[in-house]
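Down below is the structure, laid out as structure tokens.
The values are calculated or read from the model by the stated rules, or taken from the named source; none is laboratory data. Predicted model only: the values in this text are computed from it and were never measured. When we count neighbours, we look across all protein chains shown, and the Cβ atoms used for this are built from the backbone with ideal geometry, even at glycine. The area values use the complete protein model at the heavy-atom level, side chains included, leaving out ligands, DNA and RNA. Shrake-Rupley method; radii C 1.70, N 1.55, O 1.52, S 1.80 Å.
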Amino acid sequence: MDFTDKRVLVTGGSRGIGFDIARAFLEAGARVAINGRTAQSVDAAMEKLGNAEGLVAAPGDIGTVSGCESAVNTAIDAFGGLDILVNNAGVGAGKPIEESDEAYWDAHVDVNLKGAFFCCRAALPELRKSNGNIVNIASDAGLMGVPGITVYCASKGGLVNMTRAMALEVAPEVRVNCISPGYVDTDMIRLSAKRKPDPEAAWQKMIDYAPLKRIATPAEISHAVLYLASPEACFITGTSLAIDGGSTAGH
Ligand SMILES: NC(=O)c1ccc[n+]([C@@H]2O[C@H](COP(=O)([O-])OP(=O)(O)OC[C@H]3O[C@@H](n4cnc5c(N)ncnc54)[C@H](OP(=O)(O)O)[C@@H]3O)[C@@H](O)[C@H]2O)c1
């Protein structure tokens, strides 16, 4: 796919899935603004990408409205507009309902749902001008219930349905889609396995979770993001594409 001269912002592009999405767009010719929580995490990611021409640092806390606006406006100012917004920044840690306090709820919902909304809001004027599009990174846990991560499920389920509502409201100028990954090999799930009493067994459980019996690579998510963002997907909006090895097909 050719994204020459397309202007892209990837939130949470400093590590994991977001980093690979940024890499893939860059390799396809796009100019890419990378967001992460801090200037340090973004700089480290840009260095890993060889500080390539076309890369822009757009740090900001996506858990706050001001952080969203700062990241989006940095990208728009640097590029003179925006074609593609990827809302990928996210947090996920399990907790039983009775132990879930307000801070835990806010930490998840503020980044995973509120942040995606306010990044969209900040980017929409430019996306309307460019007939651009948005790709939200949700989760298979946004398509079904998973015990032990109820708050995460709520945030990602909200993101899936926000994608549909927003797609209707901003059509026909802007397309909005989301991807719902199953387990992907990143810090997020490696740390989650490490926190369990038997980390090896926890990792094996993640492998066994999907009918395809493995954990995805970040690149398997990036391919789909580039497809949904490309002109080839010009009649796709409001959809959620599961890339989950079959986990939401039924158990
Ligand atoms: N890995 C999986 O199995 C999986 C499955 C389904 C869905 N997902 C979703 O995929 C997305 C990426 O996950 P991942 O596995 O790549 O996670 P990760 O390895 O933990 O990386 C998270 C990324 O999000 C950024 N981030 C977190 N909070 C932020 C904030 N408040 N402001 C700005 N950036 C913030 C981090 O930035 P810093 O480097 O600055 O901390 C980092 O770049 C998330 O939305 C996650 O829910 C992941």
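Which value, in Å², gives the accessible area per residue of the range 1-126 when a 1.4 Å probe is used on the protein heavy atoms?
Accessible area per residue: 43 Å².
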Expressed in angstrom and ordered largest first, the alpha-carbon extents of the range 90-133 along the principal axes are 46, 14, 10
With all protein chains present, the range 41-150 has a carbon and sulfur share of its accessible area (1.4 Å probe) in percent of 53
For the range 14-79, the Debye formula with one identical point scatterer on each Cα and no solvent gives log10 I(q)/I(0) at q = 0.11 Å⁻¹ as -0.21
The answer for residue 176, listing residues at least 5 apart or on another chain whose modeled amide H is closer than 5 Å to its amide H, is 134, 238
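What value, in deg cm²/dmol to 500, does the helix sum -39500 (n - 2.57) over DSSP H runs of n ≥ 4 give at 222 nm once divided by the residues of the chain?
It lands at -14000 deg cm²/dmol.
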Magnitude of the Cβ-charge dipole (Lys and Arg +1, Asp and Glu -1) of the range 126-251 about the Cα centre, nearest 20 debye, reported as 200
In whole angstrom, the spacing between the Cα centers of the range 22-90 and the range 147-214 equals 22
Mean-square fluctuation maximum in Gaussian network of the chain, Cα pairs under 10 Å, restricted to 20, 187, 43, hits 187
Here the Cα Rg-to-2.2 N^0.38 Å ratio for the range 43-124 is 1.28
Once amide hydrogens are built 1.01 Å from N within the peptide plane, the residues lying 5 or more places from residue 242 or on another chain with amide H under 5 Å from its amide H are 180
Checking 194, 95, 156 against a Gaussian network model of the chain (alpha-carbon springs below 10 Å), the top fluctuating residue turns out to be 194
The relative contact order of the range 98-155, taking Cα pairs under 8 Å that sit 6 or more residues apart, comes to a percentage of 45
With the charge dipole of the chain built from beta-carbon charges (+1 for Lys and Arg, -1 for Asp and Glu) about the Cα centre, the Cα from 158, 147, 209 projecting farthest to the positive end belongs to 209
Sorted list, accessible surface of protein heavy atoms, 1.4 Å probe, largest first, for 108, 251, 223 is 251, 223, 108
Residue-ordered couplings for the range 174-180, obtained by feeding phi - 60° into the Karplus form 6.51 cos²θ - 1.76 cosθ + 1.60 and rounding to whole Hz (Gly and Pro as x), are 10, 9, 9, 9, 9, 10, 10
Given unit charges at Cβ for Lys, Arg (+) and Asp, Glu (-), the dipole magnitude of the chain about its Cα centre in debye, nearest 20, is 220
Per GNM of the chain with C-alpha springs under 10 angstrom, the most fluctuating residue out of 100, 66, 180 is 100
Ordered by number, the GluC sites (Glu not before Pro) in the range 8-113 that occupy a DSSP loop and have at most 15 other Cβ atoms within 10 Å are 53
Quotient of Cα radius of gyration and Kirkwood radius for the chain, i.e. Rg/Rh, equals 0.95
Extension length gain for residue 130 and residue 214 (0.36 nm per residue less Cα distance), in nm, is 26.4 nm
Rounded to the nearest 10 Å², the 1.4 Å probe accessible area of residue 168 is 140
